[in-house]
1. Does Ala61 satisfy the condition of being surrounded by 13 or more Cβ atoms within 10 Å (Cβ to Cβ), in a loop (DSSP other than H, G, I, E, B), touching a Phe, Trp or Tyr at 6+ places or on another chain (Cβ under 9 Å) and not β-branched (Val, Ile, Thr)?
2. Restricting the first residue to the range 430-441 and requiring it to be of a type in the set (Lys, Arg), which pairs with a second residue that is more than 10 Å from the ligand (Cβ to nearest atom) and assigned to a strand (DSSP E or B) meet a Cβ separation below 6 Å and a spacing of at least six or different chains?
3. List every residue pair whose Cβ atoms sit under 6 Å apart, with the two residues 6 or more apart in sequence or on different chains, where the first one lies in the range 302-313 and is in the same structural domain as Gly386 (by the TED database) and modelled with pLDDT of 95 or more and the second, anywhere, is of a type in the set (Ser, Thr, Tyr) and near the ligand (Cβ under 8 Å from one of its atoms).
4. Return yes when Trp68 is within 17 Å of Pro143 (Cβ to Cβ), among the aromatic types (Phe, Trp, Tyr) and in contact with a strand residue (DSSP E or B) (Cβ under 9 Å, 6 or more places away or on another chain) and no when it is not.
5. Quickly run through the range 26-50 and pick out the residues that are among the acidic types (Asp, Glu) and either outside any helix (DSSP H, G or I) or closer than 17 Å to Ser77 by Cα (or both).
6. Of the residues that sit in the range 383-419 and are among the polar types (S, T, N, Q) and over 11 Å from Ala439 (Cβ atoms), which one is farthest from the ligand (Cβ to nearest atom)?
7. Looking only at the range 236-249, which residues are in contact (Cβ under 8 Å) with a residue 24 or more places away in the chain and closer than 27 Å to Arg174 by Cβ?
8. Say we look at the range 494-519 and pick out the residues that are within 14 Å of the ligand (Cβ to nearest atom) and not in a strand (DSSP E or B); which of these is surrounded by the most Cβ atoms within 10 Å (Cβ to Cβ)?
Amino acid sequence: MTETVHPVTDEWAKRAFVDNARYEEMYQRSVADPDGFWAEQAKSLDWIKPFTKVKNTSFDAPDVSIKWFEDGELNVSANCTDRHLATRGDQTAILWEPDDPLTEGRTITYRELHENVCRLANVLKSHGVQKGDRVTIYMPMIPEVAYAMLACARIGAIHSVVFAGFSAEALAGRIEDCRSGYVITADEGRRGGRTVPLKVNTDEAVTIAEAAGARVNHVIVVKHTGADVAMKDGRDVWYHEVIDGTSADCPAEPMNAEDPLFILYTSGSTGKPKGVLHTTGGYLLYASMTHRMVFDYHDGDIYWCAADVGWVTGHSYIVYGPLANGALSVMFEGVPTWPTPSRIWEVVDKHKINILYTAPTALRALMGAGDDHVTKTSRASLRLLGSVGEPINPEAWEWYYRVVGDSRCPIVDTWWQTETGGIMITPLPGATALKAGSATRPFFGVKPALVDADGKFIEGAGSGNLVITDSWPGQMRSVYGDHERFVQTYFSAYAGLYFTGDGCRRDEDGYYWITGRVDDVINVSGHRMGTAEVESALVAHPKVSEAAVVGYPHDIKGQGIYAYVTLMVGEEPSDELQKELKQWVRKEIGPIAQPDLIHFTPGLPKTRSGKIMRRILRKVAANEFDTLGDTSTLADPGVVNDLVEARKNNG
Ligand code: PRX
């Protein structure tokens, strides 16, 4: 496809906070004088005690240390609620759209948000939660999840939100890793017309975590579907019962800018998910500023980020960024394709959404369902479209632009990660000419660079591994409880540089084109999955001897999960076993980790030293048989032919 450039329209250049001249000027300043730049930007937050220091960061292993505004004090929940009361107490903060379009939604004003947060904060305190304690949140997409996050922030507890699609096992691992003594959940969740047994999973998870030495003191349960669930005496309490009669007066705890705000687990290239740790001041500043400028959020705009709060996108762009900005944030419980593939566009029309932020995987699924589902809706309210989570292929980009946006709305393709806290490489709608498939240019204060395998910088146009050469305020500070792993994971590949794990091309215009992960992480429907995690789930099955998991191109999901499995001696491959293994992985991790294809094989291609040659497995899975590369170092080169034959027969 030839590259089309979509220039900034005059209307956008005028309307936006940042036009191109201003982008250039601000960007230069942000990298030449980060202290001055960020000190000025930080005035957008309410500080309890002003900071005197701004940036104090080092990327030099082993002493990697990242501190921003280190002597300042503030409270995130006060910034997201209290400070809006005088000016916008009666404005909607959260507009909740339920899973089932035939049921009633909810609107929560800033005043109501504040009251609910304060009440729940008092409830947490009365149940013994103290500053620094970890609270696990395993909730559906309902307003109470935002109350829970902000209530933790209000009293200085550290929340760990676990995506409600994760299994009991996965939840247990996360409760145990951060020694979380409290869980906030719901009876059930709803998604696409089905229910998710959250309380049942929580009970099972607590049992597993406690067997491993954790201790869960209390579980707070929101009554959502009204399902009949078991409550354990002395441990479990109903949210509506404990909230009732609790005071809405709860002063916000003054927090140091570097006090932890939350942990969010994410997959890496090794087995166990990492607890990515974000802190208070820098994170909130970065989330709110990117939200304001990338989405060009002005007062009165109706903004919808269609992600789940279980992922970082929901943290930064449903809850913290928008609420710090006093925005109206739409929260959607459902899925894009239910009850029909028109749902997203119907919600857009119903609420007159101006700004929509979603993922390429959803767009590809909807694109496949046919344009009629889109064109029968108005979408006249839309002004700006956003994309996140994975590379957006130019075809999906053009469809989003032409069919969804009627060639009227700029698309901000935002590249970032759980680790970065907020958007890093992105167009700004009033400043950046767009190219389909490119995340374009760095946000303020972000210094990307490309390096080759030896760590040599690539200048000008070229391809390489994407690194960031200096700190930005939203950067993760550590892996919870394991700073060494933080240093090892991100700062050891290239000395003095933050390694993103992504490959990237830079074109003649200095635009960045993310090409995807270069490590053993795959991106399935915009969700990040460590292949090692799926492998350890598979080998935990008694019939499996060995497993190797790779990503392969998938029309809708971007990447699918391809699992090569070797069975124990005496076990025979069968369709039943294939189903059983898929089910097994669902139970061990969750539906998002379920392999799309299981390829039973008597052997895996290994080097003489026993290392699995994943490069070859990726090629075979992708049906790229002509470019397998050098197989001469294999212990048994014949294995490859067998794999290729089997793949061909598999279709
Ligand atoms: O590979 C990149 C891809 O998603 C990874 C980060 O995943 P996660 O931490 O789950 O955060 C997703 C939401 C921010 C990145 O390393 N990725 C994310 N956004 C893009 C992307 N790849 C290409 N283009 C994007 N816009």
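1. Yes.
2. Lys435/Val5
3. From the range 302-313, the pairs are Ala307/Thr313; Val312/Thr418.
4. no
5. Of everything in the range 26-50, those that are among the acidic types (Asp, Glu) and either outside any helix (DSSP H, G or I) or closer than 17 Å to Ser77 by Cα (or both) turn out to be Asp33, Asp46.
6. If we take residues in the range 383-419 being among the polar types (S, T, N, Q) and over 11 Å from Ala439 (Cβ atoms), then Ser407 is farthest from the ligand (Cβ to nearest atom).
7. Hits for the range 236-249 are Val237, Tyr239, Val242, Ile243.
8. Tyr511
The values are calculated or read from the model by the stated rules, or taken from the named source; none is laboratory data. Values in this document were obtained by computation on a predicted structure and should not be read as measured data. A quick note on method: Cβ atoms are made from the backbone with ideal geometry, for glycine too, and the neighbour counts reach across all protein chains shown.
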